[in-house]
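J.: Dropping a structure here in structure tokens format, bear with me for questions.
The values are calculated or read from the model by the stated rules, or taken from the named source; none is laboratory data. Please read these numbers as outputs of a predicted model, since none were measured by experiment. Heads up, the Cβs are rebuilt from the backbone with ideal geometry, glycines too, and the neighbour counts pull from every protein chain shown.
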Amino acid sequence: MMRNKTESRLVSDSLGEITLPPNVLYAAQTQRAIENFPISGRRMPQNFIQALVLIKKAAATANIQIEQIPPNVGHAIIKACDTLLNDPRLMEHFPVDIFQTGSGTSSNMNANEVLASLASDILKEPIDPNDHVNCSQSSNDVIPTAIHVSSAIALNSDLIPALNYLSSAISKKARQVGHFVKTGRTHLMDAMPIRFDQCMSGWANQIDNNVFHLKTLQNSLQELCQGGTAVGTGVNAPSEFAIQFIENISNLTNLNFTSAPNFFSQMGSQDVAVSVSGGLKTTAVSLMKISNDLRWMNSGPLSGLGEIELEPLQPGSSIMPGKVNPVIPEAATMVSAQVIGNDSTITIAGQSGNFELNVMLPLIASNLLDSIQLLTNVSHLLADKAVTSFSVNQEKIEETLARNPILVTALNPIIGYAKSAEIAKQAYRESRPIIEVASENTDLSKDELIELLNPKSLT
């Protein structure tokens, strides 16, 4: 029976009949999921659904190639997949809550039902969600595969380019302001001088290291368990299905996917997702450090460090006129906190691999993709609206440097640690430049002291 687009209708599955609202492409199992899981109102991420559709397209192609479904049926499913991928408005037909059955069966059947409806309309004859769209597959291998495919695409296309962009912006800014010397700080206390380019090279290196580790983790993401079906044994899937599927999904995504060496491992656990989340958490920690450095350097302008001035983006207070806050670094620290929280969730979810299946797959997918998207977006913002656009307060950093008692460290080899400590304490106590105090308490000439205590020569 063909789909009625405008009226409510009764449909049935193995549990009996259920009423569908008008104008929906899904069928009974999706409707049951809607009714069973009115929990968060948050749907599975769009890029996860898109990856799921790509998997169905690759599977339909494989099933044609190995003669598991009639070619006309397979081609109708492929056309239906293309329709979904090319029309974002159709995402409204994927309403299943994140908090659903732990295998993600509801989301898999949602995709099967929508594709069956579209394909039936294309072919003008019924196409079955299970027998045709889900042929040679199980939710238990489709959903883990969708986690890997969606995350691999998001890392490759979004996050890694965004991090490279941020690193490049930091390095470019470092070249522009590198000649400025500022007071270094350890324990938030005055320390030896450091050039801006030296400070910022540390930031860039943090980002570059994160990119390196994420690329390494991506290799594991590109191993797929599709073909394992119910428990990893591959029941109801011909042995050649996995081979054809891998070739097809690689062609569709331009990524080099391979079959996992062990289906049981990838279906019974989510260790790869946990590892990737750990890499995302480390990236978040790096962004939080960089953001907090920017906030501290920008603090003031009168009572703080005042070494830089971030781009003024919005009024900072509803009551204090003229106040401007470091809003982008603050947003970045909140993103970092959320990603760290997502990692904790994924870690706990990763422990729910009970025998042959992890039962928190939708939660893992949602949090993993959320972290990737958040880090992608905020990396661009940090680059464009914080790093690239800040200015250096030269007068303030030079004034601070001149009064920095720690410069006396350069005199240790000449006058000894104890004498240097006395001079530093006196300079701090009397709030006087270190050169003046050192000149009074050593036999070194003013010219010698100027040379020895030149901040640039100490970097």
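J.: Name the residues in the range 310-347 that are of a type in the set (D, E) and modelled with pLDDT of 95 or more, would you?
T.: Listed by number, the residues that qualify are E330, D343.
J.: Can you tell me which residues in the range 134-163 are closer than 21 Å to D370 by Cβ and among the polar types (S, T, N, Q)?
T.: The answer is T145, S150, S151, N156, S157.
J.: Among the residues of the range 192-208, write down those that are more than 22 Å from the chain's Cα centre (by Cα) and among the charged types (D, E, K, R).
T.: R195, D197
J.: Same structure again: Could you check how many residues of the range 424-459 are in contact with a Pro (Cβ under 8 Å, 6 or more places away or on another chain) and in a loop (DSSP other than H, G, I, E, B)?
T.: Result for the range 424-459: 1.
J.: Scan the range 1-33 residue by residue and report those that are modelled with pLDDT of 95 or more and either touching a helix residue (DSSP H, G or I) at 6+ places or on another chain (Cβ under 7 Å) or surrounded by 20 or more Cβ atoms within 10 Å (Cβ to Cβ) (or both).
T.: Correct list: I18, L20, V24, L25, Y26, A27, A28, Q29, T30, Q31, A33.
J.: If you don't mind, another one. With assigned by TED's automatic domain parsing to the domain that holds H380 and surrounded by fewer than 15 Cβ atoms within 10 Å (Cβ to Cβ) as the only criterion, which of N236, N210, N205 stands out?
T.: On inspection, the qualifying residue turns out to be N205.
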